[in-house]
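Note sheet for the following structure.
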Amino acid sequence: MASSSTSLEPLFAFLATSLSKLEYAFNKLPGSAVIQRYVRSSHQNDPGRTILELILVIFAIRTLMQSRTRADRAEKHFIQFSDKEIDELVDEWTPEPLGPALSAAEQAELAAVPVVVGPNGPKPRLASTGKTATNVASFNFTGLAGNEHIQQRAVETLRKYGLGSCGPPGFYGTLDVHMDLERDIADFLGTEAAILYSQGFSTISSVIPAFCKRGDIIVADRGISFAIHKGIQISRSTVRWYDHNDLRSLEEVLESVEKERRKRKGPLTRRFIITEGIFEKDGAMVDLPKLIEIKYKYKYRLILDESFSFGTVGRTGRGLTELYNVPAEKVDMLVGSVAIGLCSSGGFCAGSQTVVDHQRINGPSFVFSASMPGLLAVSASEGINILRSTPSILTTLQENIRAARAILDRVDCISIPSHPASPIIHISIRSPSSTSLHPASAALSPVKPSNPASPLPRDAGTWDWDVEAEERLLQDVVEEALAQGVMITKAKRLRGQETVEARPSIRLAMSSALTKKETEKAVTVVKNALVKVLGRRR
């Protein structure tokens, strides 16, 4: 035993010397003291963790060593093809279609879409006839599309900045004209700040997940648009639904949410009400003062999408806050469309400085999408200046809306769910058992109470309309009106993708670029087309 221990002493001495040299060299490294303290505390609290971390380090080193030769070894397993064999495989390959083939009805509808020659506007020229048509299909509510002053300023900006911004707003994509537009929007609406998004559709679908997270409560209207539905899905929040534009149903749902929380003794979470100012699906308008009262009563934050009310209602186009004389700061997140309201591109969210700053690092579309071209930002700013200085534009728009409704409201074979002041007018085919998303239809007959956990309306079981048949009839109306020189369109829907399928409808878009006489003439053509086509059905 003595002799064996004596023979191992040089080995132990060598190991001790080597370890001391390694310790000395390690102590010379910057940050070594921090690593030592971490290892000592980690080993003292959990010795098993030290072993696990050592295994992970060894595994990482082994993986790095293997990655250098893995590619060389993998090439040995490749199948080598000759040039002839490769050509034969390419010739035999048949790519799958990117989408399903169009049906005969879809092909016919696509072929019937009018082609505009030159700039679009209130009186575009059609390629099929070479004649001009009255346009009540495009979202040119205040006639800013084609405005000569805006065109001139856009050309000047294009020459100064070029076209694209070449980056997201937070990464070399922000120009001074973008910041100017954000200040113009905030000042126009009377909020502390505003943030600009480059795409209109992704604005609301980015704002919602920026604030609403898993575990939060969202109470939403059943008639919201497809873009809002997508934002709610991305948020992964708990969602409760109330009947379309029915604030009494909203209160009932808010009370049920609170009762449910108390029953399971859950913690207080962030809670939001999400709705639209003017609904894209049917043109109905929310009662904003009552909505604000409910919001404060139940202590919810309000996300209001004013994509179709900003730039169209109110004395100068400021939207529902101006129409109802409600201070804009009472709406926590006020979302609007620059593309629709100002005939430019993108959208915005206005609110407090905290709300805006939060989106600059949490809004998916703001963070990852390239900012809009500078010329479109300048066009939007000029549009705001025109609305400020020319309130008669909104007066003309409302006169045209009233003139159109005076004609259409007398037609017996149709129903119009849109608000009398809405610039978008939806026209549906009237049937004896006609129902809609509007709560008034549900109030006419006793039906079961709506389920807050389901997005389907309470009267969904009574819907008896034939979507395909009504789509064909309405397309015939569109083509009949076009033959008489008036451009209208059906409301476009993503059938099979939307949570709640809206009834087929024709959507008219009123414009102040037309005179009252031109509007009455165009709407009379639409009325006659409706009577003619729907009369055949009888």
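The values are calculated or read from the model by the stated rules, or taken from the named source; none is laboratory data. These figures come from a predicted structure and were not determined experimentally. FYI the Cβ positions are ideal-geometry reconstructions off the backbone, even for glycines, and counts take in every protein chain you see. These area figures cover heavy atoms from the full protein model, side chains too; ligands, DNA and RNA do not enter into them. Shrake-Rupley method; radii C 1.70, N 1.55, O 1.52, S 1.80 Å.
Looking only at the range 486-528, filter to residues that are farther than 26 Å from residue 394 by Cα and in contact with a strand residue (DSSP E or B) (Cβ under 8 Å, 6 or more places away or on another chain); which one of those is most open to solvent (accessible area, probe 1.4 Å)? Among them, the one singled out is 503. Any residue in the range 329-337 that is farther than 23 Å from residue 276 by Cβ and out of contact with any Leu (no Cβ under 6 Å at 6 or more places or on another chain)? No, the range 329-337 contains no residue that is farther than 23 Å from residue 276 by Cβ and out of contact with any Leu (no Cβ under 6 Å at 6 or more places or on another chain). Within the range 215-250, being surrounded by fewer than 16 Cβ atoms within 10 Å (Cβ to Cβ) and part of a helix (DSSP H, G or I) holds for 233, 234, 248. The one condition from (1) surrounded by 10 or more Cβ atoms within 10 Å (Cβ to Cβ); (2) modelled with pLDDT under 80 that residue 20 does not meet is (2).
A Cβ distance below 8 Å, combined with a sequence gap of six or more or placement on separate chains, defines the contacts here; from the range 49-65, residues that are in a helix (DSSP H, G or I) reach residues that are hydroxyl-bearing (Ser, Thr, Tyr) in the pairs 49/42; 50/42; 53/42.
Taking the range 345-364 as the range and being within 18 Å of residue 184 (Cα to Cα), in a loop (DSSP other than H, G, I, E, B) and open to solvent by less than 10 Å² (accessible area, probe 1.4 Å) as the test, only 346 passes. Among 269, 275, which is open to solvent by 10 Å² or more (accessible area, probe 1.4 Å) and among the β-branched types (Val, Ile, Thr)? Testing whether each residue is open to solvent by 10 Å² or more (accessible area, probe 1.4 Å) and among the β-branched types (Val, Ile, Thr) leaves just 269.
In summary, residue 426 fulfils each of the numbered conditions (1) modelled with pLDDT of 95 or more; (2) of a type outside the set (Gly, Ala, Ser); (3) closer than 30 Å to residue 163 by Cα with the single exception of condition (3). Of all residues in the range 251-290, how many are assigned to a helix (DSSP H, G or I), closer than 14 Å to residue 240 by Cβ and not polar (S, T, N, Q)? The qualifying residues number 10. Total residues in the range 152-192 satisfying the condition of being among the small types (Gly, Ala, Ser) and touching a helix residue (DSSP H, G or I) at 6+ places or on another chain (Cβ under 7 Å): the figure is 5.
State yes or no: is residue 132 within 30 Å of residue 276 (Cβ to Cβ) and of a type in the set (Val, Ile, Thr)? Spell out the reasoning first.
Values: within 30 Å of residue 276 (Cβ to Cβ): no; of a type in the set (Val, Ile, Thr): yes.
No.
Determine whether residue 208 is at pLDDT 95 or above and hydrophobic (A, V, I, L, M, F, W, C). For residue 208, the condition - at pLDDT 95 or above and hydrophobic (A, V, I, L, M, F, W, C) - is met. Checked against the criterion of being free of Cβ contacts under 8 Å to residues at least 60 places away in the same chain and either outside any helix (DSSP H, G or I) or surrounded by 21 or more Cβ atoms within 10 Å (Cβ to Cβ) (or both), the range 198-214 contains one or more residues that satisfy it. For the range 482-538, the set of residues classified as outside any loop (DSSP other than H, G, I, E, B) and in contact with a Phe, Trp or Tyr (Cβ under 7 Å, 6 or more places away or on another chain) consists of 509 only. Exactly one residue out of 170, 146, 190 is touching a Pro at 6+ places or on another chain (Cβ under 9 Å), surrounded by fewer than 22 Cβ atoms within 10 Å (Cβ to Cβ) and farther than 21 Å from residue 321 by Cα: that is 146. Inside the range 313-344, residues that are polar (S, T, N, Q) and buried (at least 20 other Cβ atoms within 10 Å of the Cβ) make up a count of 3. Test residue 293 against the stated conditions and say whether it is outside the structural domain of residue 511 (by TED's automatic domain parsing) and either within 21 Å of residue 242 (Cβ to Cβ) or surrounded by fewer than 16 Cβ atoms within 10 Å (Cβ to Cβ) (or both). Yes; evaluated as a whole, the condition is true for this residue.
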